[in-house]
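S.K.: Have a look at this one.
The values are calculated or read from the model by the stated rules, or taken from the named source; none is laboratory data. Just so we're clear, the structure is a prediction, and the values are computed from it rather than from any experiment. Don't worry about glycine lacking a Cβ; one is built from the backbone with ideal geometry, like all the others, and counts go over all protein chains shown. Remember, those area values only see protein heavy atoms, side chains included, never the ligands or the DNA or RNA. Shrake-Rupley method; radii C 1.70, N 1.55, O 1.52, S 1.80 Å.
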Amino acid sequence: MTEIRLARVYDAPSPADGFRVLVDRLWPRGISKERLPLDLWATDVAPSAELRNWFHHDPELFEEFAARYRAELAAAPGWMSSSPCVRPTPWSRYCLRLRIPP
């Protein structure tokens with residue numbers, strides 16, 4: 001069984017991290033690409049700028065945010081499980097398959 005763990009990009013990396021994926025459309029402030037140990041930068045899986053701005057980290061909007069985010073993922077070409085893989089970053093040799101739950 002695959003285990004997925006969440007971590008902040010600013011947290012120190014751990015040898016137990018495994019395959020590290022950054023899911024964000026913007027590169028994190030204050031950290032260079034050379035300093036961030038990363039296997040994949042999956043920009044297309046992150047919420048759209050419009051959705052992020054609407055949500056604005058308001059906990060009361062989270063349920064609606066999650067529903068809208070799942071709808072974005074389902075509508076995005078190439079992100080369903082039938083697709084071959086997520087395009088890797090230039091510095092990664094890995095490929096990631098994503099299946100969107102109902």
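S.K.: For region 1-24: of the residues being hydrophobic (A, V, I, L, M, F, W, C) and under 27 Å from residue 75 (Cβ atoms), which is nearest to the chain's Cα centre (by Cα)?
M.R.: Out of the qualifying residues, it is 23.
S.K.: Just give me the residues in region 39-79 being free of Cβ contacts under 8 Å to residues at least 24 places away in the same chain, among the small types (Gly, Ala, Ser) and farther than 26 Å from residue 17 by Cβ, in sequence order.
M.R.: 67, 71, 75 - these are the residues of region 39-79 that are free of Cβ contacts under 8 Å to residues at least 24 places away in the same chain, among the small types (Gly, Ala, Ser) and farther than 26 Å from residue 17 by Cβ.
S.K.: Condition first: without any contact (Cβ under 8 Å) to a residue 12 or more places away in the chain and more than 18 Å from residue 70 (Cβ to Cβ). Now tell me which residues in region 6-16 satisfy that.
M.R.: Listed by number, the residues that qualify are 7, 8, 11, 12, 14, 15, 16.
S.K.: Still on this structure: Criterion first (assigned to a loop (DSSP other than H, G, I, E, B), of a type in the set (A, V, I, L, M, F, W, C), open to solvent by less than 100 Å² (accessible area, probe 1.4 Å) and closer than 26 Å to residue 75 by Cβ) does residue 27 satisfy it?
M.R.: When the stated conditions are applied, residue 27 passes them.
S.K.: Sticking with this structure for a sec: Determine whether residue 74 is at pLDDT below 85 and farther than 21 Å from residue 7 by Cβ.
M.R.: It is true that residue 74 is at pLDDT below 85 and farther than 21 Å from residue 7 by Cβ.
S.K.: Using the structure shown, decide if residue 3 is surrounded by fewer than 12 Cβ atoms within 10 Å (Cβ to Cβ), at pLDDT below 85, of a type outside the set (Val, Ile, Thr) and out of contact with any Pro (no Cβ under 7 Å at 6 or more places or on another chain).
M.R.: Criteria met by residue 3.
S.K.: Something else: Which condition breaks for residue 44 when tested against (1) at pLDDT below 85; (2) open to solvent by 40 Å² or more (accessible area, probe 1.4 Å); (3) more than 13 Å from the chain's Cα centre (by Cα)?
M.R.: (3)
S.K.: Moving to a separate point now. Yes or no: residue 97 in contact with a Cys (Cβ under 7 Å, 6 or more places away or on another chain) and either modelled with pLDDT under 85 or small (Gly, Ala, Ser) (or both)?
M.R.: Judged against the criteria, residue 97 is a match.
S.K.: Being within 22 Å of residue 11 (Cβ to Cβ), open to solvent by 50 Å² or more (accessible area, probe 1.4 Å) and outside any helix (DSSP H, G or I) is the filter here; which residues of region 47-67 pass it?
M.R.: Passing the criteria: only 57.
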